[in-house]
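Notes for the one structure printed next.
The values are calculated or read from the model by the stated rules, or taken from the named source; none is laboratory data. Just so it is clear, the structure is predicted and the values come from calculations on it, not from any experiment. Here the Cβ positions follow ideal geometry from the backbone for every residue, glycine too, while neighbour counts run over all protein chains shown. Surface accessibility is based on the protein's heavy atoms, side chains included, excluding ligands, DNA and RNA. Shrake-Rupley method; radii C 1.70, N 1.55, O 1.52, S 1.80 Å.
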There are 6 protein chains.
Amino acid sequence: MTSAEAGSAAAGDPVVLLAAGALEQHGPAMPLGTDTIRAEAVTARVADDLGDAVVVGPTIPVGVSPHHRGFPGTMTLSTTTFAAVLTEYVGSLAHHGFRRFLVVNGHGGNNAVLGTTAQDLLGTHPDVELAWVGVSALAKDAVARLGVSEVHGHCGESETAQMLHVAPDLVRSELLEPGTTTLAQMEPVARLSRTPGFNLALAWERLTPNGVLGDPTRVSAEDGRRIIDESVTTLARLVREWRA
Amino acid sequence: MTSAEAGSAAAGDPVVLLAAGALEQHGPAMPLGTDTIRAEAVTARVADDLGDAVVVGPTIPVGVSPHHRGFPGTMTLSTTTFAAVLTEYVGSLAHHGFRRFLVVNGHGGNNAVLGTTAQDLLGTHPDVELAWVGVSALAKDAVARLGVSEVHGHCGESETAQMLHVAPDLVRSELLEPGTTTLAQMEPVARLSRTPGFNLALAWERLTPNGVLGDPTRVSAEDGRRIIDESVTTLARLVREWRA
Amino acid sequence: MTSAEAGSAAAGDPVVLLAAGALEQHGPAMPLGTDTIRAEAVTARVADDLGDAVVVGPTIPVGVSPHHRGFPGTMTLSTTTFAAVLTEYVGSLAHHGFRRFLVVNGHGGNNAVLGTTAQDLLGTHPDVELAWVGVSALAKDAVARLGVSEVHGHCGESETAQMLHVAPDLVRSELLEPGTTTLAQMEPVARLSRTPGFNLALAWERLTPNGVLGDPTRVSAEDGRRIIDESVTTLARLVREWRA
Amino acid sequence: MTSAEAGSAAAGDPVVLLAAGALEQHGPAMPLGTDTIRAEAVTARVADDLGDAVVVGPTIPVGVSPHHRGFPGTMTLSTTTFAAVLTEYVGSLAHHGFRRFLVVNGHGGNNAVLGTTAQDLLGTHPDVELAWVGVSALAKDAVARLGVSEVHGHCGESETAQMLHVAPDLVRSELLEPGTTTLAQMEPVARLSRTPGFNLALAWERLTPNGVLGDPTRVSAEDGRRIIDESVTTLARLVREWRA
Amino acid sequence: MTSAEAGSAAAGDPVVLLAAGALEQHGPAMPLGTDTIRAEAVTARVADDLGDAVVVGPTIPVGVSPHHRGFPGTMTLSTTTFAAVLTEYVGSLAHHGFRRFLVVNGHGGNNAVLGTTAQDLLGTHPDVELAWVGVSALAKDAVARLGVSEVHGHCGESETAQMLHVAPDLVRSELLEPGTTTLAQMEPVARLSRTPGFNLALAWERLTPNGVLGDPTRVSAEDGRRIIDESVTTLARLVREWRA
Amino acid sequence: MTSAEAGSAAAGDPVVLLAAGALEQHGPAMPLGTDTIRAEAVTARVADDLGDAVVVGPTIPVGVSPHHRGFPGTMTLSTTTFAAVLTEYVGSLAHHGFRRFLVVNGHGGNNAVLGTTAQDLLGTHPDVELAWVGVSALAKDAVARLGVSEVHGHCGESETAQMLHVAPDLVRSELLEPGTTTLAQMEPVARLSRTPGFNLALAWERLTPNGVLGDPTRVSAEDGRRIIDESVTTLARLVREWRA
């Protein structure tokens, strides 16, 4: 997209899509960039569906991952820096007339800072609307159909299925193995941290020795296709409503 | 508590309870400090139950409320400042040997910054455990029993009931009136912002003309007593598990 | 106070009173919150006297106390964070039309940051007037009448007398004992730091082994009543002049 | 790359390559991401050449571009935020044992902040070595051979040639047109800003009406191939020396 | 002083003298740099007296002067930036073994930030001792002997006398004129701001039309000599005590 | 200069000259303040030449010197603090109508932060023009004529010659001695850091044991006079062009 094309696009009042992910451990078999890859995949497909109604901005490839830094290769931004990046992305584009921004987020650890950034923007950029969604959270039905373990989530059934669909060559399938799958396997404080309504941030090595929550060996690329499809369909519908 | 008593308390490895709330509009009938009052009430009762197992630290009376600033009297901290206050409270007490901190939160707008603060503390204070809970979220059964409106929440059924129980003299009961109670009453973008999984921060006046979500006229002090009781009982149990 | 009541109050152009204190060691007999308790007591009484001429805002319960952190239980804000809190309190209320703010300060360690905050507000909020007073400094006559020790101040004669009056149940009277009362008891650098005109910040344990400056055993609740009365009377008069 | 693979890589003490660019106007014919695309192309080719001697980290796709914000679509980070991102990337990886970092920079506007970040890291991370290079500056011979205009640079001969080689489908060749090509075309203060040794930051619209410095119509993909080849060869040699 | 000489000096554990002043309006007759000039004069004379017992560090020529920015030429640092400069001066020299620092301050507007900086250093540099003094405050007897106006201070009797002694060629003596000299000349809120114990920061133009408090026409260079002599003598004595 | 004189000066739209230097090791023979002294000397002479066309503002005596902190006496500002000081100097004077600022810089380590500050000012102060020049870089011919060593720079031929001219009494001539003068004397990574186009920040002790690059024993005060003369003449011409 050239500068002039960006100028024309802004005049059409599109939603700017910003993919956000993480560069953090994803167990023995999946790449560090798993969350970013999934977020970019959904973003690209939604953009294909919606044409001029959206514009794709730059990805935020590294997220807020201090809980994973016990595992090699994990990178993290402080919440302050993540917020500054997103705020300056939004501010730069608002200067050119863009008003609506949607972060397609592949990493749960970014949810809190997406919330704080949106709150602070209410004060500094009252004309801007910033929304954010989680890739997996948009596909509740397809995820439910997987029949996930009692304990699941990070590089578990859903994330692995998605990767087998969107980037199968980046998954070392022969290294897939279950992580913590039941509450009984956890030490008490880790178990407590999984209690709904009780929020307790713990370093990830206290939850699982291999970095995995759930059993990624049970899923297929077809499971992943269903999740991605539902995520894309749901999101495209929401964006259309927003612009209506 | 004197300095020497604080030193003795730290040696017992208690959980430090910190109430957090807001000072923001709560409709025509309820005080600006509603969220702080409820958080302090639950904190005080949990402290009574648990004795030496907990210590009560200073309240954070003003929260993150930029979405309410269209209504008179609303005060707000930026998310950066809220995080700095909480981090320095935790850091000060960690210097004296306290290790576990629990924020009893009366205001949903603080959830995001509680999350970012906890994440940043994982890097800077790896020996500290910071947890947080929401007063209403701890009382799922009692709230469900209220039979809330389709749209409810801020100064609606649950919060009003709690106030009628813990601070009835601060509620102008004759001014209680319904706010927005159905999705159909909302403009489309406001309705969109209530879609589960689609997070969109909006100024509150776009959701409700009088600041209220739900129908506060339908509830009684007895409803509030049930909510507070369940909240206190649940929280006391969780704290005991944490220290076990 | 409800939101609508805050809106009405702002229209009357009142002075917003903000109590500020500390949560720091106050010797063997007095509570950590001594400074906050005294500041809130004076604030409440001034508010009673002045009615609609003032509005009471939220207290700042933790102050700037790095010099006391050698003693258990002491909490401190950095000067940056204290300034941010006060600035955002003032900014929030200025948004709703309040223009005059008065910090009733119970802790000398807050004086510097009150000064820097007021200076920075001259640039960012030129329409705001921020004033601050010290509880004890308002009662010069009553304090002089106590006949204080050569060295006195923190949890000494004046502060103890005030607490015996406003919160006698929080003073462990049987534990009251003199601290450093003469310059001769001090090591040279500590003595130097007490030279008028020579400002030298030292950790408190270099000034006094038990945290006390002065002899708190010599005073009564009646002494405290006289101090508080003079403080309240003086402050109420100054506020009236300000609004005239 | 999985977490375990990152751990193995760190043990080999490789140089971490970080591409940095910009998302800013590049005249009527070239995409906003021109600088990032060129930086990533050189990075990828160097990585191919050097194998295990290097690891490729995440790209910084948006740079410091306030001088281009008069043109639509330009995004910019403040220098503070750019520095924070780079510092946290380096800090995250240094935590896992990586010691040498090389930013392959496609945007001259990033040079200053690369310098300040490297200086501050000398104090905070004395064991880290951070180097940075400019894509075009590494290919002095091939650029000289182009016979550039008196005034050239941003989206001029060299950058356009590179894009015709690495991403020809993203160049709207039919829209290529000369920008400012001689000092005589410039207003005096703009001309002054081009004086060697006199550094004066000006908004870009004061230098050129169409955003271009130089004549991009004169170059070919083959010119670009020579520049990229020299850049890659030079850089690969320097990295080998560094690790020797 | 060379690097090696600085190394030798540090081994002698001297007091590092840092002059601080302001660059702000000083009425119709005195230079913007009045406060810096007086601080440097006292610093130089104390250094002459004390020899190896002290080392002179760099001056901080611009201070905290937002209250004077209504008058041309006034420069100001925010309190945050002033604190950062002083903290980094102290930190740099502490790295080389210097432990004691004394700010010789010519500008009352710097007092608050000197206080906050010293407090924050207690936490970050516990081995450092930072003291500060005011040039005029060190010469109480000589100032008292002047017989100052009811209202006096900024570019009034004392400051003018000092300048007539240390930099007579920089004073436009023919332009010296009285400013506000009595409380009765002030508007009520300005008068209120002069009440002992009531701290209220006001823009300077609310206190005096010509920027002057007091009557600078009444004093002589001889008056100034007495002030400077007393200031120097007092300060030299205090530094000797500190090092004893 | 008085306040009124500053007001008049601003009306003439002059260039504000700000000298910047460093307080860092300059080998065995030259003072820590070498860079500041040279910058102030050139500034003063340019000001003499240009009269009302320029105004001299306060010097920034301490620069960005983390690479020299291995040598005693070196002081450094973080790049953030240096930028804040310069930004607030510019902002203060822009408030009074000054528009053009020129930093006369004696220390190469300040170049990066001068660049970032100028970039950020483009966004915050679009009406301001900030330029900067290096003292030695303005005198290319005279420096070339010196016939410098293969490796030269910091306290080498050019800087020493300048000091012998402008401040001969501050040079311990008997202690002048060569430092590193050839690439062959350097360890490989140090040599690599001298490769044109390869930017690598290293602590100075890795480049030279005595802190010197080049041979300062080979130059005379007359060499220095030629450098300073050319620097002053060039700069005066550039300033005249700027104001034309």
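Descriptive notes on the structure:
- The mean of 1/r over all pairs of different alpha-carbon atoms in the stretch C:1-146, once inverted, gives a Kirkwood hydrodynamic radius of 15.9 Å.
- Taking the axis that rotates chain F onto chain B, the chain F residue nearest to it by Cβ, with the distance rounded to whole Å, is F:T80, 8.
- Whether the stretch B:119-158 is rounded, prolate or oblate, judged on the alpha carbon gyration tensor where a/c under 1.5 counts as rounded: prolate
- DSSP-defined beta bridges in the protein assembly as shown - what % are antiparallel, rounded to 5: 15
- Estimated vicinal HN-Hα couplings, Hz - the stretch D:41-51 in sequence order (Karplus 6.51, -1.76, 1.60; Gly, Pro = x): 5, 5, 4, 5, 6, 4, 4, 4, 5, 9, x
- Calculated [θ] (222 nm, deg cm²/dmol) that DSSP helices of n ≥ 4 give over chain C, each run adding -39,500 (n - 2.57): -13000 deg cm²/dmol
- Here the stretch C:64-84 and the stretch E:62-120 have alpha carbon centers that stand 20 Å from each other.
- Cross-link partners for E:K140 among the lysines, with Cα-Cα distance under 26 Å and sequence neighbours closer than 8 places in the same chain left out: C:K140.
- Accessible surface of the stretch A:3-243, 1.4 Å probe, proportion on carbon and sulfur as whole %: 53
- Taking every protein chain into account, the 1.4 Å probe leaves D:E177 with about 80 Å² of accessible area, to the nearest ten.
- Between the beta carbons of F:K140 and A:R225, assuming R0 = 56 Å, the FRET efficiency works out to 0.30 to the nearest 0.05.
- Gaussian network model of chain E, Cα within-10 Å springs - most flexible of E:P14, E:P31, E:P58: E:P58
- For C:H26, residues with placed amide H under 5 Å, excluding near neighbours: B:S3
- 1.4 Å probe, heavy atoms, protein only - residues of the stretch D:106-123 losing at least 40 Å² accessible area vs chain alone: D:A112, D:T116, D:Q119, D:D120, D:L122
- What the Cβ-Cβ distance of A:A184 and D:D48 gives, at R0 = 51 Å and to the nearest 0.05, is a FRET efficiency of 0.60.
- Kirkwood hydrodynamic radius of chain A, from inverse mean 1/r over distinct Cα pairs, in Å: 18.6
- Electrostatic bookkeeping for B:G123 treats Lys and Arg as +1 and Asp and Glu as -1; over the other residues with beta carbon under 11 Å from its beta carbon, the sum is -1.
- Heavy-atom accessible area per residue - the stretch A:3-243, 1.4 Å, Å²: 33
- Once A binds B, the 1.4 Å probe can no longer reach about 3100 Å² of accessible area, counting both sides.
- Global geometry of the protein assembly as shown, whether rounded, prolate or oblate, following the gyration tensor of its Cα atoms and the 1.5 cut on a/c: oblate
- Between the amide H of F:V103 and those of F:L18, F:A131, F:W132, F:V133, distances stay under 5 Å, these residues lying 5 or more places away or on another chain, with hydrogens modeled in the peptide plane.
- Under the Karplus curve 6.51 cos²θ - 1.76 cosθ + 1.60, θ = phi - 60°, whole-Hz ³J(HN,Hα) for the stretch B:227-244, x wherever Gly or Pro sits: 5, 4, 4, 5, 4, 5, 4, 4, 5, 4, 5, 5, 5, 4, 4, 4, 7, 5
- In chain F, taking the dipole from charged Cβ atoms about the Cα centre, the farthest positive-side position among F:H96, F:T2, F:V62 is held by F:V62.
- Loop-located GluC sites (Glu not before Pro) in the stretch A:204-244 (DSSP state not H, G, I, E or B) with no more than 15 neighbouring Cβ atoms inside 10 Å do not occur.
- Buried on assembly, the stretch F:168-207 (at least 40 Å² less accessible surface than by itself, 1.4 Å probe): F:R172, F:L192, F:G197, F:F198, F:N199, F:L200, F:A201
- Considering only chain B, percent of DSSP beta bridges that pair antiparallel, nearest 5: 5
- Dipole magnitude of chain A about its Cα centre (Cβ charges: Lys, Arg +1; Asp, Glu -1), debye to nearest 20: 340
- Evaluated with a Cβ-only charge set (Lys, Arg +1; Asp, Glu -1), the protein assembly as shown carries a dipole of roughly 0 debye about its Cα centre, given to the nearest 20.
- Gyration tensor verdict on the stretch F:137-244 (Cα atoms; rounded if a/c is under 1.5, prolate if a/b is larger than b/c, oblate otherwise): oblate
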